1. For residues that are loosely packed, with under 14 Cβ neighbours inside 10 Å and among the hydrophobic types (A, V, I, L, M, F, W, C), scanning just the stretch 12-43, find the one that is farthest from the chain's Cα centre (by Cα).
2. Among 234, 212, which is the only one that is acidic (Asp, Glu) and either at pLDDT below 95 or touching a strand residue (DSSP E or B) at 6+ places or on another chain (Cβ under 7 Å) (or both)?
3. Of all helices (runs of 4 or more DSSP H) completely enclosed by the stretch 147-238, which ones contain at least 3 residues that are touching a Gly at 6+ places or on another chain (Cβ under 6 Å) and closer than 28 Å to residue 43 by Cα?
4. Could you tell me whether any residue of the stretch 177-190 is of a type outside the set (Gly, Ala, Ser) and over 19 Å from residue 283 (Cα atoms)?
5. Within the set of pairs 6+ apart or on separate chains, which have a first residue in the stretch 207-226 that is under 21 Å from residue 253 (Cα atoms), a second that is in a strand (DSSP E or B) and at pLDDT 95 or above, and C-beta atoms under 6 Å apart?
6. Among the numbered criteria (1) among the aliphatic types (A, V, I, L, M); (2) away from ligand 1 (no atom under 16 Å from the Cβ); (3) more than 30 Å from residue 63 (Cβ to Cβ); (4) not in a loop (DSSP other than H, G, I, E, B), which one does residue 310 miss?
7. Those residues that are part of a helix (DSSP H, G or I), free of Cβ contacts under 8 Å to residues at least 60 places away in the same chain and more than 23 Å from residue 21 (Cβ to Cβ), I need them from the stretch 70-129; list them, please.
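The values are calculated or read from the model by the stated rules, or taken from the named source; none is laboratory data. This one's a predicted model, so the numbers in the text were calculated from it and none came from an experiment. Reconstructed Cβ throughout: ideal geometry from the backbone, glycine too, with neighbour counts over all protein chains shown.
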Amino acid sequence: MVVLGLESSCDETSVGIVTDDRRILCNLVHTQLADHTPYGGVVPEIAARAHLEKLDGLIARALAETGLRFSDFDGIAATCGPGLIGGVMVGMMAGKTIAAVAGKPFLAVNHLEGHVLSPQLSHNIAFPYLVLLVSGGHTQILIAHDVGRYERLGTTLDDALGEAFDKSAKMMGLGYPGGPALEKLAAGCADPERARARFPLPQPMVGRKDCDFSFSGLKTAVRQACATLENKADPNLAFMFQESVCASLLDRAHVALSVFTRRYSTQKPTLALVGGVAANQYLRTALQKLDTEIVAPPLSLCSDNGAMIAWAGLARLKRGEHDGLDAPARPRWPLDAQAERKIGAGAKA
Ligand code: KG4
Ligand code: ZN
């Protein structure tokens, strides 16, 4: 089986092709970074127009590189949400058009499901497993029970982690996207003990019994620290920001692990780290402290990409599922429909 996947929900236009034996035949990504950098963040209207300009060319390249034709695919998958609706519409309509013209099944993919299933593409891990999803738009911890069956154990009550990285980086005078820039700055911290004494930042939610996240208090603490600094790009402050984030994530993951082991008393779960923030090496290393197997897909599958969308579509196709051409574009689309909507989290829940 071979499936084409289109991704256009945020600021990456991407086309991926995957097979059911876990081969990624191509995964082309056009990042719109240069279009949004002057504005310090993603501008939805610019994003939608840029997807429209680039998507056709990327699809043509994917076909040329793989030597495949539309008639060779078993299904056409496209992200139908959650995300910036203008961009989602572009990829979704392209996917539906190809499906209609080629007479192939269409798969309306939840972008978050793409992230959650990506560790099965890279590492072939079995259900059930735990997922820590940390991106610019979402921060959640979930149990992946099966394809289409996800249980949200915790979510952010305010900012997503990537957002907290980006906003804190901005306060430190770093460019957009802030995550990688902040990580680079933090690597220049020569004396962690001195940094701890100088910037004792809060470690959000540590000690709480639930699995939720919150980053707005940490962001405020960074703002207050920046106000005292002449040179705001301080490696010690950046280091402490990352240390606080890791302490918080480790604590939240601990609680989730104990929920999981209570549920499945014989198993220690694999914890998969996914989403754009999973590119952070400090975070990847810190999570190794957990007493369980940690899996992190390669960076090309962590940030937004078409291969993970094709893979999620393929997983549903294998179960005999597909969607009608009237499938809606959804700005908000929770993976766990039963999970309570958290006040303040908006679309990030
Ligand atoms: O998953 P993603 O590519 O797009 C969304 O679906 O949101 O995540 C983008 C986010 C941005 O906030 C970016 O700053 C963050 O991931 N990010 C990082 C790193 N690389 C990307 N955050 C921390 N450290 C990094 N190395
Ligand atoms: Zn994403």
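1. 34
2. Numbers: 234 fails: either at pLDDT below 95 or touching a strand residue (DSSP E or B) at 6+ places or on another chain (Cβ under 7 Å) (or both).
Result: 212 is the single residue among 234, 212 that is acidic (Asp, Glu) and either at pLDDT below 95 or touching a strand residue (DSSP E or B) at 6+ places or on another chain (Cβ under 7 Å) (or both).
3. Numbers: elements: 161-171, 178-186, 192-198, 216-227.
Once the helices (runs of 4 or more DSSP H) in the stretch 147-238 are filtered for at least 3 residues that are touching a Gly at 6+ places or on another chain (Cβ under 6 Å) and closer than 28 Å to residue 43 by Cα, what remains is 161-171.
4. Taking the stretch 177-190 first, the residues of a type outside the set (Gly, Ala, Ser) are 177, 180, 182-185, 189.
Among the residues that remain, those that are also over 19 Å from residue 283 (Cα atoms) are: none.
No: the stretch 177-190 contains no residue that is of a type outside the set (Gly, Ala, Ser) and over 19 Å from residue 283 (Cα atoms).
5. What qualifies is 211/141; 211/153; 211/154; 212/154; 213/139; 213/156.
6. For residue 310, the exception is condition (3).
7. Residues satisfying the conditions are 86, 93, 97, 101.
Here's the yes/no breakdown for (1) surrounded by fewer than 18 Cβ atoms within 10 Å (Cβ to Cβ); (2) charged (D, E, K, R); (3) farther than 20 Å from residue 133 by Cβ:
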| residue | (1), (2), (3) |
| --- | --- |
| 248 | no, no, no |
| 265 | yes, no, yes |
| 309 | no, no, no |
| 321 | yes, yes, yes |
